[in-house]
Amino acid sequence: MSPSYTPEQRERWHKKTCCRCGRHGWFAACWPDGYVCRTCHDKALRVRGCCPDCGTDRALPGLRPGDRTPVCPACAGFTVSYECSRCGFEGKLHGRHLCTRCTFADKLAELLDDGSGRTRPELVPLADSLLAMDNPLSGLTWLYMRKGRTGSAGDLLRRLGRGDIQLTHEAFHTLQPWRAAAHLRELLMDCGILPAIDKQICSFERWLVSHLATIPDLEHAQVVRRFATWEVLARLRTRAERKPVTPASRRFAGDQVKHATAFLNWLTDHRVTLITCRQADIDAWHVEHNEHARNCIRGFLLWCMTSKLTRRFQLPTAAIRRASPITQHERVNLLGRLLADHSLPLRTRIAGTIVLLYAQPLSRVVRLTIDDVTNDNGLVLLRLGDPPSPVPEPAAGLLLHWIDNRDNMNTATNRDSRWLFPGRRAGQPMHPDTLAALINDLGIPTVAGRTAAIRQHVLEMPASVVAEALGYHHVTTTRIASETGGTWSRYAAGEHLKSPSGWTPRTTRER
């Protein structure tokens, strides 16, 4: 027996021409001005403000016939109500005539239920943080991504609510897919449910578990685990106590572990062990591999010698390569383009300007906060070292405008973020590799541009002054000054704008 449908339901099966955009497709509603498609329907309900006809502050989905000014549903003659049946908020409605925020709240309560009909007590801060986001539709979309699949956001939250996933960092090391698990872990750290740990250390620990599982030789796996735990991971944790670990440091740590594994396999293929390894074997390995592999294996071999796993070896000196700088003329032209071309994305313009003007690496640029920018009676300062560096116009105006219009600020991840370049992960700034790709797409070489900037600064100022102002180590700026030929070795401290006492300038005739 075929089901019965109302005339309105049958009508929706037919495609119509949208009165707003003119496209032909499935319509979402029939408003006084005609049929509207789903895209125009949702877009119109997001318009809010004071209705010009009745003066009430509410949603303005309708259009006034004369000038097509947005007006409220009542003034537009709507017969359907868009008020939430629970909270009364006017906007897009979902099942049971509920608004997006109420629907999101019900879905979260269902997923985080501990079996007693209420949210698991430990996860209440997570639910409150998610519900406080400015755009609840983003959260609802996140919950429905990969719906019904193992490892989706909904699946992970449900397992957290039931207690199937322990609230420890170790429990997240083996969860798959790792990106969804990492995002959820960062949300839990941001809410204070999990203790805060450096993001790069979390990433390395998760990767290490999966890497060790791929080593078939148990003795090799034991050696690699010891090296990674007591040497590589220990160094990362020590560095994290001073400053955040950069993605480059995390990648190099992973490369050290991978090359240590490859080196052990190479010894096995040559029927050699760590105990029987000789200087000739070390030399042979270095000859067969490239410079990056030689730099990565150096830490493992030094650790093996310190731990008495091998005899003493002579290792080649680690080679450090530096990018060739661009010319000062090219740097100035690139700066002018970033400051004058308003068609470029504002985020990329600001980041590129900081790189070219202040010689800052992107790993440090993404760690800047809006608190590092101060506006003192029109004088804009950027704190990179001590004292803060002045920001000239028009860069100062662009920087202040960017702070008021930053991206990635409408979700639970970063609604209160202080980062100058907020990322999409909870409590995390933008990834430096992502920002580097955006800048490089504009034809601006970040590494070469930064190198040119720091070389120009040490030519114009003493190396110690540059180090303090831009946050560099004085040894680094001194070495760069020596390489560029501007050592300032005869530079005398003191006030150089005043003439010495008793000195009088000579006229042209006296010379």
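The values are calculated or read from the model by the stated rules, or taken from the named source; none is laboratory data. Predicted model only: the values in this text are computed from it and were never measured. A quick note on method: Cβ atoms are made from the backbone with ideal geometry, for glycine too, and the neighbour counts reach across all protein chains shown. Remember, those area values only see protein heavy atoms, side chains included, never the ligands or the DNA or RNA. Shrake-Rupley method; radii C 1.70, N 1.55, O 1.52, S 1.80 Å.
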Part-to-part distance (alpha-carbon centres) for region 15-48 and region 296-366, which is given in Å: 51 Å
Per residue solvent-accessible surface (Å²) - the chain, probe of 1.4 Å: 56 Å²
Burial ranking of peptide ranges 423-430, 194-201 (average Cβ count within 10 Å, highest at the top): 423-430, 194-201
Percentage, to the nearest whole number, of Cα pairs in region 48-137 over 23 Å apart: 40 percent
Residues with amide H under 5 Å from that of Tyr35, placed H, sequence gap 5 or more: Cys19
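Rounded to the nearest 0.05, what FRET efficiency is calculated for Ala262 and Ala240 with R0 set to 30 Å and r the Cβ-Cβ distance?
My answer for the efficiency is 0.65.
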Placed amide H near Phe27: partners under 5 Å, 5+ positions off or other chain: Lys16
Spherically averaged projected area of region 177-258 from its Cα convex hull (nm²): 5.8 nm²
Cα centroid of region 138-161 to Cα centroid of region 431-466, whole Å: 41 Å
Whichever lysines have a C-alpha closer than 30 Å to that of Lys107, once near sequence neighbours (fewer than 8 apart) are set aside: Lys43, Lys92, Lys147, Lys199
Percent accessible area from carbon and sulfur atoms, the chain, protein chains only, probe 1.4 Å: 52 percent
For region 77-87, 3J(HN,Hα) per residue [Karplus equation, 6.51 cos²θ - 1.76 cosθ + 1.60, θ = phi - 60°, Hz, x = Gly/Pro]: x, 5, 9, 9, 9, 10, 8, 5, 6, 9, 9
C-alpha center-to-center spacing [region 52-113, region 237-252] in angstrom: 48 Å
Rg to Rh quotient for the chain, alpha carbon positions, Kirkwood Rh: 1.08
For the chain, calculated [θ]222 nm from helices alone, where every DSSP H run of n ≥ 4 adds -39500 (n - 2.57): -14000 deg cm²/dmol
Cα lying deepest toward the dipole's positive end in the chain, options Val458, Ile197, Trp266, charges on Cβ: Trp266
Cα-derived Rg to Rh of region 289-406, Kirkwood definition: 1.21
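Ranked highest first by average number of other Cβ atoms within 10 Å, how do 247-253, 180-186, 331-337 line up?
Highest to lowest by the protection proxy: 180-186, 247-253, 331-337.
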Protection proxy ranking, peptides 471-477, 453-459, average beta carbon neighbours within 10 Å, highest first: 453-459, 471-477
